[in-house]
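Below is one structure, written out as structure tokens, with a few remarks after it.
Every number here is computed from the coordinates shown, using simple stated rules; none is lab data. All values reported here derive from a predicted model rather than from experimental measurement. FYI the Cβ positions are ideal-geometry reconstructions off the backbone, even for glycines, and counts take in every protein chain you see.
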Amino acid sequence: MSSPPPRPRAADSWTGSKCRLAVLGGNSNLALQAREVHKLREAMLRQGLDTAPGIERLPEQVDLDLLPAGSQDLPVIGVDDESLQPAEIMARGPLLLAGPRVPAGPWPW
């Protein structure tokens, strides 16, 4: 999808913030955009610019045995979705842990 300037492609109705996107190559075709991004990367490397760090994503499953235990006051309960670091919670007062229903039977992990 393309949106000619100055129309925003995304808007946050809660804050009223708007986002303007530039499409490298001016084409809505993802394969052509990927080719243009690759060409931009090659040009930047030829100019001696550093490679940008990769963007990581959350794993499909988290092996809880590989996470640190945390401390008695700040136990680790998973992985933070922004920092991808161990997520801690304050172990004080009541705690409600909610999510989708898990089907009956053995745990999938």
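Amide hydrogen proximity for G70: with H placed 1.01 Å from N in the peptide plane, the residues at 5 or more positions away or on another chain lying under 5 Å are V76.
At a 10 Å Cβ-Cβ cut-off, how would you order E88, E42, fewest neighbours first? Write down the numbers at each step before the final one.
Numbers: E88 16, E42 10.
Least to most surrounded, the residues fall as E42, E88.
Computed 3J(HN,Hα) for region 81-96, one whole-Hz value per residue from the Karplus formula 6.51 cos²θ - 1.76 cosθ + 1.60 where θ = phi - 60°, is 6, 9, 8, 6, 9, x, 9, 10, 10, 6, 8, 8, x, x, 9, 10, glycine and proline marked x. Working from label points 7 Å from Cα in the Cα-to-Cβ sense, the Q72 to E60 distance is 4.0 nm.
Neighbour counts of C-beta atoms inside 10 Å place M44, M90 in the sequence M90, M44, starting with the fewest.
In this structure the amide hydrogen of V79, modeled in the peptide plane, comes within under 5 Å of the amide hydrogens of A87, none closer than 5 places in sequence on its chain.
Along region 56-69 the Karplus relation, 6.51 cos²θ - 1.76 cosθ + 1.60 evaluated at θ = phi - 60°, assigns HN-Hα couplings of 8, 9, 5, x, 4, 9, 10, 7, 5, 5, 8, 7, x, 6 Hz to successive residues, with x for each Gly and Pro.
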